[in-house]
1. From the P(r) of the stretch 21-163, could you give the percentage of C-alpha pairs in the tail past 22 Å?
2. Quick one: plug the Kirkwood hydrodynamic radius of the stretch 1-55 (C-alpha pairs) into Stokes-Einstein at 4 °C, 1.567 mPa s, and report D in µm²/s.
3. Given a Förster distance of 35 Å, report the FRET efficiency between residue 266 and residue 295 from their Cβ-Cβ distance, rounded to the nearest 0.05.
4. Looking at the chain, identify the longest residue range that excludes and avoids all GluC sites (Glu not before Pro) in DSSP loops having at most 12 other Cβ atoms within 10 Å.
5. Compute the distance in nm between two label points, each set 7 Å from the Cα along the Cα-to-Cβ direction, one at residue 147 and one at residue 202.
6. Compute the whole-percent fraction of alpha carbon pairs in the stretch 113-241 spaced more than 27 Å apart.
7. Tilt of helix 52-61 relative to the longest C-alpha principal axis of the chain, in degrees (0 to 90, nearest 10)?
8. Accessible area per residue for the chain in Å², computed with a 1.4 Å probe and the full protein assembly in place, what is it?
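The values are calculated or read from the model by the stated rules, or taken from the named source; none is laboratory data. What you are looking at is a predicted structure, and each value in this text was computed from that prediction instead of being measured. Because the Cβ atoms are built from the backbone with ideal geometry, glycine has one as well, and the counts that use them run over all protein chains shown. Surface accessibility is based on the protein's heavy atoms, side chains included, excluding ligands, DNA and RNA. Shrake-Rupley method; radii C 1.70, N 1.55, O 1.52, S 1.80 Å.
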Amino acid sequence: MVTGGAGYVGSVSVAALLAAGHEVTVLDDLSTGHADAVPEGATLHEGSYGDDALVRGILEGARIEAILHCAARSLVGESTRDPGKYYRDNVAGGVALLESARASGVGRMVFSSTAAVYGVPEATPIPEEAPLRPINPYGETKRTLESALAWYGRAYGLRSVTLRYFNVAGATEDLGEDHDPETHLIPNVLAAAAGRRDLTVFGDDYPTPDGTCIRDYIHVADLAAAHLRAIEATTPGDARTDEPLVCNLGNGGGFSVREVLTAAGNVVGRPVPHTIGERRAGDPPVLVASAERASEVLGWRPLRPSIEEMVGSAWAWVRAHPDGYGD
Ligand SMILES: NC(=O)c1ccc[n+]([C@@H]2O[C@H](COP(=O)([O-])OP(=O)(O)OC[C@H]3O[C@@H](n4cnc5c(N)ncnc54)[C@H](O)[C@@H]3O)[C@@H](O)[C@H]2O)c1
């Protein structure tokens, strides 16, 4: 069962699971997702992962073996304005999901966590052992559910893999990013390139080679491949999840905002209009993951690491779907 399987990351992961021969049930309340994003071949149940009766009905009815928990509230700014929503959905809802799984005897889970659990890191590339000091309720609520997974593992034998994503980007032919509001850089750069919005770069005086912030980007199809490997690693008897496993997923290198703009300009065929604004509070100059553990333990490596490929595939999807999923 994939929670959030009608969302950006979830839908591409569902497609990868189906392609690998798995039977997939999607549980999504469609709050930020789209029914049309659920790949053909998966069964969609509309509702919340915090609804115990619904979840247990699905887990037992469809004889679910493992849960990929992609659904969440995930807007940093909103989380600061309305932390209650984040504690209710990400923490209380997440624990309700763990309890439903326990009651139904489902003992395998892969959790979409985030680089936001690290807060402002002391050093980059960030290893998984770095201190977790989230600076907003979004990161804090993800960290809280990570801890719950670890304790459920020790006490109840839940096998889990927590994947800490950095910035997800790109599209497959059929599935892409359609958020409202959109807070991610690449879709916003492409919307500016298409004349659909203004774009402000937040600061160009950071201590980086071109003065703009550097972030780690990962292609959504590479992320989906990591999910498949993570789910396999939760198979009973697989020593990799005898203890709860936590892996960063990133490129191991990063791209500056200016490099993203240049790549987008090359893909689109003209420079992307933008203005330079003030720095945003709480934005570290460089956020890059060490993805060595994912490579060593899961045997995973990004196959589409170039920014041109990420931006290019996102642009192809936007051109083919100018109104997103159209709902
Ligand atoms: N996109 C990124 O760059 C990124 C980076 C780091 C972490 N993440 C994490 O990855 C996950 C997926 O992100 P995304 O970008 O695909 O987001 P998304 O908003 O596109 O997808 C989330 C999906 O979950 C569904 N959902 C939300 N609350 C629900 C609930 N209570 N019950 C059932 N369904 C619910 C939404 O309708 C949506 O389809 C999130 O957990 C997010 O925190 C994403």
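1. The answer is 42 percent, as a whole percent.
2. It diffuses with D of about 120 µm²/s by this estimate.
3. My answer for the efficiency is 0.75.
4. 174-277
5. Modelled inter-label distance: 2.6 nm.
6. 33 percent
7. Tilt of helix 52-61: around 70 degrees.
8. 44 Å²
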